[in-house]
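Derivation of every value follows stated rules applied to the coordinates shown; laboratory data play no part. Being a predicted model, the structure only gives us computed values, none of them experimental. All Cβ positions, glycine included, derive from the backbone under ideal geometry; neighbour counts span all protein chains shown.
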Amino acid sequence: MTTYSSRAIQIDQHGGPEQLKLVQVSVGEPGAGEIRIRHKAVGLNFIDVYQRSGLYPMAMPVQLGMEAAGVIEAVGPGVTHLQVGDRAAYASQPAGSYCDLRVMPAKCVCKLPDGIDFDTGAAMMLKGLTAQYLLKRTLPQGGLQEGDFVLFHAAAGGVGLIACQWAKALGLNLIGTAGSDAKCELARAHGAAHVINYAREDFRARVKEITAGAGVKVVYDSVGKDTWDASLDCLAPFGLMASFGNASGPVAPFSPGILGPKGSIYVTRQTLFTHIASRESTQAMADDLFGVVLSGQVKVRIDQRFKLEDVQQAHRALEARQTTGCTILTL
């Protein structure tokens, strides 16, 4: 069987950024339901940090990375939605996008529209599909209507800036939080109706003030431990607490009994990979995302670019919350 050489970032044990090693691997031909893709750019996400650190345990050794964009080089039996030469992008399991070339399941790989470049494709898939399932599929009782208030933590991050713009396009009043005045202004510039610097303001009190005491219909929270308790108090009766990340650490165990006195509120823990479990769902969500990007309603902001070999530096910047918008690895 013909094999091809590729650079890849691999870890042999969980730990800090120093565990990220540049190695050479051999890549073969795709099997049934698989494709081989040569990457042009690779996306960086907080889930990569969770997998590296061991918060999400992985079998070792493992290549990291969950999203990228590139060109299809080979197609295995049974794959009908992609052809050799297609421009493509994905957010997908299994991990392994930190590389030049890989063989992977075709199910979650989508043709990339000609109007979207490779850097944008690599930056937008995991974060954009996350924003899509949050705003369109992770909804409070009765759904969301134009004018409704939602609270979005880490609003200046990759998912946050996409969500700010998309929420505005949907007519929602998004209240965005961030850890500095500069990040707050970035969120405002991207469509947040209100911004709160939670490093120096009590966001619980500000949310009550902004909503005239009513609270928000839903809180979208990727921060975790640091924002959890106060976020529950921001919800209107029957509101939804939607957890989708742990940037500050995992949320401590809590009793369901607290949810009743706080307004019979709902709590959910969401993950993108449940939403993109089928080919049909993946394509429908991607089509929605491609549509708002091509229309100009959502612009994907890439604020950091690191070379593949500088991935340790990229992880350090992400963990230190020194990044805004999206971060990509260049090849």
To the nearest 0.05, the calculated FRET efficiency linking T330 and A189 through their beta-carbon distance, R0 being 25 Å, is 0.45
Stick to the Cα atoms of the range 280-331, pair each with every other, and give me the Kirkwood hydrodynamic radius in Å at one decimal.
12.8
Note down the relative contact order for the range 139-269 as a percent, whole number, built from C-alpha pairs under 8 angstrom at least six residues apart.
22
List the lysines whose Cα lies under 22 Å from the Cα of K183, skipping any in the same chain that are fewer than 8 positions away.
K127, K168, K208, K225, K299
Alpha carbon centroid spacing (whole Å) that separates the range 69-112 from the range 40-68
17
Roughly what angle does helix 118-137 make with the longest principal axis of the chain, taking Cα atoms, 0 to 90 degrees, to the nearest 10?
40
Residues E34, E319, E209 arranged by fewest to most Cβ contacts within 10 Å
E209, E319, E34
Once phi for every residue in the range 299-307 is put through the Karplus expression 6.51 cos²θ - 1.76 cosθ + 1.60 (θ = phi - 60°), the whole-Hz ³J(HN,Hα) values, with Gly and Pro written as x, are 10, 8, 8, 9, 9, 9, 10, 10, 5
Rounded to whole Hz, the Karplus (6.51, -1.76, 1.60) HN-Hα couplings of the range 141-155, x for glycine and proline
3, x, x, 10, 10, 3, x, 5, 8, 10, 10, 10, 7, 6, 6
Step through the residues of the range 177-183 one at a time and calculate ³J(HN,Hα) from phi using the Karplus curve (6.51 cos²θ - 1.76 cosθ + 1.60, θ = phi - 60°), rounding each to whole Hz and writing x for Gly and Pro.
10, 7, x, 8, 4, 4, 5
In whole Å, largest first, the alpha carbons of the range 162-225 cover along the principal axes 27, 27, 21
At 7 Å along the Cα-to-beta-carbon direction for both Q297 and M1, put a label point, then send me their distance in nm to one decimal.
4.4
Amide H neighbours of A41 under 5 Å, counting only residues 5+ apart in sequence or on other chains, H built in-plane at 1.01 Å?
A69
In the range 225-331, which chymotrypsin sites (Phe, Trp or Tyr not before Pro) are in a loop and have at most 15 other Cβ atoms within 10 Å, using DSSP for the loop call?
F254
Can you compute the modelled spin-label distance between Y56 and K262, with each label point 7 Å from Cα toward Cβ, in nm?
2.4
Taking R0 as 41 Å and r as the Cβ-Cβ distance between H81 and A169, the FRET efficiency 1/(1 + (r/R0)^6), rounded to the nearest 0.05, comes to 0.90
When N is the residue count of the range 139-269, what does its C-alpha Rg come to as a fraction of 2.2 N^0.38 Å?
0.96
Can you order the peptides 19-29, 82-92 by their average number of other Cβ atoms within 10 Å per residue, highest first?
82-92, 19-29
If I model a spin label at Q313 and L22 as a point 7 Å from the Cα along the Cα→Cβ vector, what separation in nanometres do I get?
1.1
Running a GNM on the chain with Cα contacts under 10 Å, which residue among R200, R321, R38 ends up with the highest mean-square fluctuation?
R200
Per-residue ellipticity at 222 nm for the chain, helices alone: DSSP H runs ≥ 4 residues times -39500 (n - 2.57), over residue total, nearest 500 deg cm²/dmol?
-8000 deg cm²/dmol
